[in-house]
Amino acid sequence: HIKRPPNAFLLFRSQFSKDYHSLHPGLKFKQGRHISPAAAAIWKGMSVEQKETYREQARVIKEEHERKYPGWTCR
C-alpha cells in the first residue's frame, strides 16, 4: 500500500504534536484528541507567510512521491 503524501496542514500538525508532547510529556494517548482541534485553530490563524514553509515542504515531498511512484493515484 502506497500512502498519499502529506499536505501542508498534516506536516504542520505533525510538528505541532511533537512540540505539544515535548511540553506535556505525561500526556496520555486518548488526551491527544485535543491536539488536532488546537492545531487546526492555530493553522487557521496563521498568515500565508507562516504557512509557506509547510507548503514548500509538502510540494517537495509531493514531487519526490511523483518521481518514486509515477502514475500513482489515490484510489
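Tabulated results
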read-out: Loop-located chymotrypsin sites (Phe, Trp or Tyr not before Pro) in the chain whose Cβ has at most 16 other Cβ within 10 Å (DSSP); value: Trp72
read-out: Given charges at Cβ of Lys, Arg, Asp, Glu: the chain dipole, positive-most of Ile42, Gly26, Pro5; value: Gly26
read-out: Using alpha-carbon coordinates, inclination of helix 8-23 to the longest axis of the chain, degrees; value: 30 degrees
read-out: Accessible-area ranking of Arg75, Arg13, largest first, probe 1.4 Å; value: Arg75, Arg13
read-out: Only Lys, Arg (+1) and Asp, Glu (-1) charged, at Cβ; the chain dipole about Cα centre in debye; value: 440 debye
read-out: Cα long-axis angle, helix 48-68 against the chain (0 to 90 degrees, to the nearest 10); value: 40 degrees
read-out: Principal-axis tilt of helix 35-45 within the chain, Cα atoms, nearest 10 degrees; value: 70 degrees
read-out: Mean residue ellipticity (222 nm) of the chain, computed from DSSP H runs ≥ 4 via -39,500 (n - 2.57), nearest 500; value: -21000 deg cm²/dmol
read-out: Coarse-grained scattering of the chain at q = 0.13 Å⁻¹, given as base-10 log I(q)/I(0) from a Debye sum over alpha-carbon atoms; value: -0.50
read-out: Under 14 Å, Cβ to Cβ, from Val48 - net charge with Lys/Arg +1 and Asp/Glu -1; value: 0
read-out: For the stretch 30-69: accessible area per residue (Å², 1.4 Å); value: 76 Å²
read-out: Sequence-distant residues sharing a close amide H with Asn7 (under 5 Å, placed H); value: none
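The values are calculated or read from the model by the stated rules, or taken from the named source; none is laboratory data. All of these numbers come straight from a predicted model, not from anything done at the bench. Counting neighbours? That spans all protein chains shown, and the Cβs are built from the backbone with ideal geometry, glycine included. Please note that ligands, DNA and RNA were not included when accessible areas were found on the heavy atoms of the full protein model with its side chains. Shrake-Rupley method; radii C 1.70, N 1.55, O 1.52, S 1.80 Å.
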